[in-house]
Amino acid sequence: MTKLLEVKNLHTRFKVRNGYLYAVNGVSFTLDKGEMLGVVGESGCGKSVSMMSLIRLLPPAAQITEGEVLLEGQDLAKASASEINTVRGSKVGMIFQDPMTSLNPFMKIGAQLCEGIMYHKKMSRAEAMKQAAKYLDLVGISNSEHRLHEYPHQLSGGMRQRVMIAMALLGEPELVIADEPTTALDVTIQAQIVELVKELREKLNMSIIWITHDLSLLAGMVDRIMVMYGGSVVEEAPIDEIYKNPRHPYTIGLLKSIPSINTVAGSRLPSIAGAPPNLFVEPQSCPFAPRCAYRQERCTREIPPLEPVADDSAHPKHRIACWVDVTKVNAEPKEGSVL
Amino acid sequence: MTDNTLELQQEEKQFSLAKDAFDRLIANKLALVGMLLVVFLFFIAIFGPYITPYDFLSQDLMARNQAPSWAHWFGTDDLGRDIMSRVIYGARTAVIVAFSTTFLSLIIGIFMGSLGGYFGGKVDGFIVWLIDITMSVPSLLLVIVINVSMKPRLVNWMDEQFLLTGNEFYRNTILVDFVLVFGSLALIKWPKAARIIRGQIMSVRNKNYVLAAEAIGVPTTKIVMKYVIPNSIGPIIVYISAALGEAMVFESSFSFLGVGVRPPIPSWGNMISDGLRVWQLYPHILAAPAAVLALVTIAFSFLGDGLNDALNPRQWK
């Protein structure tokens, strides 16, 4: 498969009152054409910020300090404002978390959908509207011609998310970044949206990055999973590998804390003790070390690089950032850590 | 349910937000009264000179200080001028001043407010500082100072221009009064507009739909025109309504004190001032302009409240 996107050593930080917040600290990954990647991590681990950094959709206080984002050879981290504007919507589409607030209440659905492509593809309003109707049909909105002339408040949450998906797809992008698109929806609608995205991916053959904090949602949907913690990637592997053979202590903890059908009613759910790392200081060691049950002396001194696992011939494409081989060392409760 | 009724329901749902807001405004009785009065005021201000029974300047010394009658509905003043004609012409003065002031203060306010709201940081700090300083200056004092210091110079300058160019335009020194009144009023009133616009831009700028529009590559100018401004317009419309009423009261107070529009051009303010001297003998000379001023102020305040309710999405039922 051909490579679509290559991210190398991406660093993003936010300027705050007295210093910086180091949100993304050296994220590297690649994405093939047509591949679907799941990005998992707890709130504030930098998963959204790192993906938003790809198309520089960041608040003014944020800056990308280092790294390259190569989309088909074009470095988006260094592209000019107008170049990045062309990429947004025509090469990369975004689906947002909260469909209820992501549509302008003062504009009709049709007008909002068309705004981007009229600009990118120099389409006339009528052509753009036709295209918009086509994509509304595609995302499963019936009576699309009629819907184009409605305002956002006349649609339900699930419908609005479908509209948002249509909006992201309208420019026929090669990459779609979905930032927790189902978090604000109830479970049945969530399932519908997941099905829809799977279906669209097959029809349109695009690459998707799906950001979520819900590991169980990704099962059966994505090809590969990237686990993030404290602004860096801690583990990356094909989906079956992650579920069957997790190697990073944080991933192990995450998987243990998913409630399963076998969980005894009334028992406590396992959790990872401790608090998320302080990102106001530039990390000098493994960010997970303070909460890690496998912690060794080295973990508190050096940042582990993201490298293939030791027995990589048996587990291709599996990379972790950890000094410890969890298959050989036993977990023992450390001060401040319980697993 | 048949297809027909379904279709009908969907048709009913087709309404625009502006029409919806207008319907809500009409439903509010006080706001409706306010709006009708304001519309009537504008009508009078525009067509006044064509409907007044008498010229506002023509004196009839045989009919001085007359009480209201069929010939002079509001009576006549100490020079025998028809008070109703003068009140109607005063509406024109009030509306001209109110509109120019509000327009000017909005322009300055939009410029300063969007600058601060959009760029933030040091620019914003400077603008907030400027707003605070301007708001802390007593408005009456500022107007008097501007009037006293600027007026002679402006009049001199206009005289010179007339001598140089011979253009009739420069002989009209009444213009100086107007320019000074709304110029200085705009200087006082812009901070309020700037504050509202700054706050609106700051909040709308961080809305998800602006981010979503950025994500599909909508150009910045379009984002401002179609996303930011329509969503910030509600409070600005309310501000305009309040500011128009306020400007009329300000104009009247300044004219009352003799630093605004001066006689013989009628303004409700200088008419009240004239009436005050003789109110014990001829109360109608004072009563007519005062009552009209009070009515107009109340009308604008009703309309402003109504607009505020109608345009605030939280009030929607």
Take the residues in the range B:37-63 that are surrounded by 15 or more Cβ atoms within 10 Å (Cβ to Cβ) and not hydrophobic (A, V, I, L, M, F, W, C); name whichever of them is nearest to B:Pro264 (Cα to Cα). B:Gln59
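Here are some residues: A:Arg88, A:Arg56. Which one is within 11 Å of chain B (Cβ to nearest Cβ), part of a loop (DSSP other than H, G, I, E, B), touching a residue at least 24 places away in the same chain (Cβ under 8 Å) and of a type in the set (Lys, Arg)? First the steps, then the outcome.
Numbers: A:Arg88 fails: part of a loop (DSSP other than H, G, I, E, B).
So the residue among A:Arg88, A:Arg56 that is within 11 Å of chain B (Cβ to nearest Cβ), part of a loop (DSSP other than H, G, I, E, B), touching a residue at least 24 places away in the same chain (Cβ under 8 Å) and of a type in the set (Lys, Arg) is A:Arg56.
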Just for the range B:207-221: of the residues that are closer than 18 Å to A:Ile55 by Cβ, within 35 Å of the chain's Cα centre (by Cα) and free of Cβ contacts under 8 Å to residues at least 12 places away in the same chain, which one is farthest from the other protein chains (Cβ to nearest Cβ)? B:Thr220
Every listed condition ((1) of a type outside the set (Lys, Arg); (2) away from chain A (no Cβ under 12 Å); (3) crowded, with 18+ Cβ neighbours inside 10 Å; (4) closer than 26 Å to A:Pro152 by Cβ) holds for B:Val204 save (2)
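Residues checked against (1) more than 30 Å from A:Gly19 (Cβ to Cβ); (2) at pLDDT below 85; (3) in contact with a helix residue (DSSP H, G or I) (Cβ under 8 Å, 6 or more places away or on another chain); (4) polar (S, T, N, Q):
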position	(1), (2), (3), (4)
A:Pro59	no, yes, no, no
A:Lys78	no, no, no, no
A:Thr86	yes, no, yes, yes
A:Leu113	yes, no, yes, no
A:Gln131	yes, no, yes, yes
A:Leu138	yes, no, yes, no
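State all residues of the range B:136-184 that are acidic (Asp, Glu) and modelled with pLDDT of 80 or more; if no residue qualifies, say none. First the steps, then the outcome.
Of all residues in the range B:136-184, those acidic (Asp, Glu) come to B:159-160, B:168, B:177.
Scanning the range B:136-184 gives B:Asp159, B:Glu160.
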In this structure, is B:Val181 without any contact (Cβ under 8 Å) to a residue 24 or more places away in the chain, within 23 Å of the chain's Cα centre (by Cα) and under 26 Å from B:Ala98 (Cβ atoms)? no
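For (1) among the small types (Gly, Ala, Ser); (2) in contact with a Cys (Cβ under 6 Å, 6 or more places away or on another chain); (3) touching a residue at least 40 places away in the same chain (Cβ under 8 Å), each residue gets a yes or a no:
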residue: A:Arg160; (1), (2), (3): no, no, yes
residue: A:Gly171; (1), (2), (3): yes, no, yes
residue: A:Gln190; (1), (2), (3): no, no, no
residue: A:Lys198; (1), (2), (3): no, no, no
residue: A:Glu202; (1), (2), (3): no, no, no
residue: A:Ile211; (1), (2), (3): no, no, yes
What is the number of the single condition among (1) at pLDDT 80 or above; (2) exposed (fewer than 12 other Cβ atoms within 10 Å of the Cβ); (3) within 26 Å of B:Ala287 (Cα to Cα) that B:Lys29 does not meet? (3)
Can you name the number of the only condition in (1) assigned by TED's automatic domain parsing to the domain that holds A:Leu169; (2) in contact with a Pro (Cβ under 7 Å, 6 or more places away or on another chain) that A:Trp210 fails? (2)
Condition test on B:Ile298, is it surrounded by 15 or more Cβ atoms within 10 Å (Cβ to Cβ), in contact (Cβ under 8 Å) with a residue 12 or more places away in the chain and over 27 Å from B:Arg64 (Cα atoms)? yes
Apart from one, (1) away from chain A (no Cβ under 14 Å); (2) at positive phi all hold for B:Leu175; the odd one out is (2)
Selection from the range A:97-149 of residues at the interface with chain B (Cβ under 7 Å from one of its Cβ atoms), of a type in the set (Gly, Ala, Ser) and either farther than 17 Å from A:Ile193 by Cβ or in a helix (DSSP H, G or I) (or both) yields A:Gly116
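Confirm whether A:Ala237 is of a type outside the set (Lys, Arg) and closer than 27 Å to A:Leu31 by Cα. Give the derivation first.
Numbers: of a type outside the set (Lys, Arg): yes; closer than 27 Å to A:Leu31 by Cα: yes.
It is true that A:Ala237 is of a type outside the set (Lys, Arg) and closer than 27 Å to A:Leu31 by Cα.
Tell me the residue from B:Ser232, B:Ser184 that is of a type outside the set (Lys, Arg) and within 14 Å of chain A (Cβ to nearest Cβ), please.
From the options B:Ser232, B:Ser184, the qualifying one is B:Ser232.
Among the residues that make up the range A:29-40, is at least one of them more than 18 Å from A:Ile208 (Cβ to Cβ) and in contact with a Phe, Trp or Tyr (Cβ under 8 Å, 6 or more places away or on another chain)?
We begin by selecting, within the range A:29-40, every residue more than 18 Å from A:Ile208 (Cβ to Cβ); these are none.
Among the residues of the range A:29-40, not one is more than 18 Å from A:Ile208 (Cβ to Cβ) and in contact with a Phe, Trp or Tyr (Cβ under 8 Å, 6 or more places away or on another chain), which makes the answer no.
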What tally of residues in the range A:16-50 results from selecting those that are in contact with a Leu (Cβ under 8 Å, 6 or more places away or on another chain) and part of a strand (DSSP E or B)? 14
Scan of the range A:150-182 for residues that are small (Gly, Ala, Ser), in a helix (DSSP H, G or I) and surrounded by fewer than 22 Cβ atoms within 10 Å (Cβ to Cβ), ordered by number: A:Gly157, A:Gly158
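The values are calculated or read from the model by the stated rules, or taken from the named source; none is laboratory data. This is a predicted model, so every value here is computed, not measured. Note that we place each Cβ from the backbone using ideal geometry, even for glycine, and neighbour counts take in every protein chain shown.
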